[in-house]
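Read the structure below first, then the notes.
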Amino acid sequence: EELAEIRNNRWKIAGIIFVILLIIGLIYYLIKRYKKEGTFLKPKVFIPPHITALNKLQNLKKQKLWQKGNLKEYYSEISLIIREYTENRFEFNALELPTSEILSDLKKLKIDIILIEKLEFILRKADNIKYAKGLPLEEDNKEIMKESVSFITKSKIENNETNK
């Protein structure tokens, strides 16, 4: 009996040692992985949606697409930037929705009607140009950029809202 008990104890000890080695190996692997990815040491930086969108609009302005005659590309880019911003700011899938549904969803969220009207102006103008339903005047090209910036700055999340 003592011999059987000693054998049982050996297996228990071997099992405990195996589990300890397994845990040590897992910890080693995780530390290596996190150090490699950098996520272990560096926190992620959150960039507010309005900052990202305003930067993209600024870059678009620098490209001077409409001045070069690339009107569809200019309006498509504005539409994409505004839709991405709307999606990130108001947290619904604006990229996949037609303009009418975006506006409807914002009304359901009880967003200020003036903001909704600004957005409608931007998206409808962009839709018309993208789908060859008109040619804009030079003033239209400037105005859509101005209205895009205005929409973003007036609808951005204020600092006190982010703490809610």
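The values are calculated or read from the model by the stated rules, or taken from the named source; none is laboratory data. Remember, it's a predicted structure, so these values are computed and weren't measured experimentally. Cβ coordinates were reconstructed from backbone atoms using ideal geometry, including for glycine residues, and neighbour counts include every protein chain displayed. Just the protein is used for accessible areas: all its heavy atoms, side chains included, with ligands, DNA and RNA removed. Shrake-Rupley method; radii C 1.70, N 1.55, O 1.52, S 1.80 Å.
The table below lists the values:
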quantity: Flag for Lys44 being open to solvent by 30 Å² or more (accessible area, probe 1.4 Å) and assigned to a helix (DSSP H, G or I); calculated: no
quantity: Complete set of residues in the stretch 128-142 that are farther than 15 Å from Thr99 by Cα and among the aliphatic types (A, V, I, L, M); calculated: Ala132, Leu135, Leu137
quantity: Close pairs (6 angstrom Cβ cut-off, 6 or more residues apart or separate chains): within 13 Å of Ser148 (Cβ to Cβ) in the stretch 49-66, open to solvent by less than 80 Å² (accessible area, probe 1.4 Å) and among the acidic types (Asp, Glu) anywhere; calculated: Leu60/Glu77
quantity: Some residue of the stretch 77-88 being in contact with a helix residue (DSSP H, G or I) (Cβ under 6 Å, 6 or more places away or on another chain), closer than 21 Å to Phe46 by Cα and open to solvent by 70 Å² or more (accessible area, probe 1.4 Å); calculated: yes
quantity: Matching entry among Glu101, Glu96, Glu87, Glu117 (being of a type outside the set (Lys, Arg) and in contact with a Leu (Cβ under 7 Å, 6 or more places away or on another chain)); calculated: Glu87
quantity: Candidates Glu91, Glu37 - the one that is surrounded by fewer than 17 Cβ atoms within 10 Å (Cβ to Cβ), at pLDDT 90 or above and either under 15 Å from Val149 (Cβ atoms) or charged (D, E, K, R) (or both); calculated: Glu91
quantity: In the stretch 102-119, residue farthest from Asn70 (Cα to Cα) [restricted to those that are outside any loop (DSSP other than H, G, I, E, B) and open to solvent by 70 Å² or more (accessible area, probe 1.4 Å)]; calculated: Lys108
quantity: Cβ-Cβ under 8 Å pairs, at least 6 apart or on other chains, the stretch 134-159 side part of a helix (DSSP H, G or I), far side polar (S, T, N, Q) and open to solvent by 30 Å² or more (accessible area, probe 1.4 Å); calculated: none
quantity: Matching entry among Lys146, Lys142 (being open to solvent by 40 Å² or more (accessible area, probe 1.4 Å), under 17 Å from Leu65 (Cβ atoms) and at pLDDT 95 or above); calculated: Lys146
